[in-house]
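Trainee: Structure incoming, see below.
None of the figures in this text is laboratory data; all of them are computed from the coordinates on show. For clarity, every value in this text was computed on a predicted model and none was experimentally measured. In this analysis, Cβ positions are derived from the backbone assuming ideal geometry, glycine residues included, and neighbour counts consider all displayed protein chains.
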Amino acid sequence: MSQSAPTSALPKLQNARIAIVRAEWNDDITSALTRSAVDTLKAAGIPDDDIRIFDVPGAVELTFAASMIIESEAFDAVIVFGCVIRGGTPHFDYVCQSVTQGITQLNADCETPVIFGVLTVDNHQDALDRVNNGPMGDKGREAAQTAIKMIDFTRKVREMY
């Protein structure tokens with residue numbers, strides 16, 4: 001059963017810069033998420049020059065990278081992509097908790113939306129099912145759509161001031 005994000009029309013954005021931070025761990029998955037997001041952003045009219053991809057070693061480093069990107073004030077949104085696969089130790093729980101809390105804290109404290117594109121799955125197949133229009137959707141596309149909608153939301157709220 002395929003699941004997907006709400007399908008409301010994407011707003012048209014002008015002058016929107018989006019950063020994507022990709023964890024290198026489980027590269028086949030995070031690369032597929034990134035490719036799908038970039039394709040979606042381009043299809044929505046975001047030029048190549050306004051999309052920047054940054055790589056970090058793993059999921060825990062996503063929060064630090066997103067924080068630095070926010071501090072640069074050069075981007076309207078940050079998408080983070082990682083893939084954490086459950087193993088036989090509690091490491092999975094610690095990594096998932098760390099990255100989830102970190103990104104949640106950035107979203108609470110900062111004015112730049114950070115889109116959570118971290119897959120937390122039981123096995124590699126579960127991850128594959130969530131990329132490239134797999135049976136569970138395309139989480140890269142969904143993250144890009146969310147970034148566009150959150151930039152639009154942020155701009156509308158700022159216009160109210």
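Trainee: Here are a few candidate values for Cα Rg over 2.2 N^0.38 Å: (1) 1.26; (2) 1.00; (3) 1.04. Which one was actually calculated from the structure I just gave you?
Mentor: (2)
Trainee: Over the stretch 109-155, what is the relative contact order in whole percent, taking alpha-carbon pairs under 8 Å and six or more residues apart? Please list the in-between numbers first.
Mentor: Working: 27 pairs, mean separation 16.5, N = 47.
Once normalised by length, the contact order is 35 percent.
Trainee: On to the next question. Compute, for the chain, the length of the dipole vector about the Cα centre, with Cβ point charges of +1 (Lys, Arg) and -1 (Asp, Glu) only. Units Debye, rounded to 20.
Mentor: My answer is approximately 460 debye.
Trainee: Going 7 Å from the Cα of Asp39 in the Cα-to-Cβ direction, what parts of the stretch 121-143 have a backbone nitrogen less than 20 Å from that spot?
Mentor: 125-143
Trainee: Using each residue's phi in the stretch 105-110, evaluate 6.51 cos²θ - 1.76 cosθ + 1.60 at θ = phi - 60° and report the 3J(HN,Hα) Karplus result to the nearest Hz, with x for Gly and Pro.
Mentor: Per-residue couplings from phi come out as 5, 4, 5, 6, 9, 10 Hz.
Trainee: Any idea what angle helix 27-43 forms with the longest principal axis of the chain, computed on alpha-carbon atoms, 0 to 90 degrees, nearest 10?
Mentor: That works out to roughly 20 degrees.
Trainee: Using only DSSP helix segments of four residues or longer, with each worth -39500 (n - 2.57), what per-residue ellipticity at 222 nm results for the chain after dividing by its residue count and rounding to 500?
Mentor: Working: 5 runs with 74 residues, N = 161.
Roughly -15000 deg cm²/dmol at 222 nm, from the helical runs in the chain.
Trainee: On to the next question. So, how do all the Cα-to-Cα distances of the stretch 72-161 break down into 5 Å bins, in percent, from 0 on up?
Mentor: With a bin width of 5 Å, the distribution comes to 3, 13, 19, 20, 17, 13, 8, 4, 2, 0, 0.
Trainee: Name the trypsin sites (Lys or Arg not before Pro) in the stretch 31-137 that are in a loop by DSSP and that have at most 16 other C-beta atoms within 10 Å, would you?
Mentor: On the way: sites: Arg35, Lys42, Arg52, Arg86, Arg130; in loops: Arg86, Arg130.
Passing both the DSSP loop test and the Cβ count: Arg86.
Trainee: Still on this model: Percent relative contact order of the chain, based on C-alpha pairs within less than 8 angstrom and at least six residues apart?
Mentor: On the way: 277 pairs, mean separation 51.4, N = 161.
Relative contact order of the chain: 32 percent.
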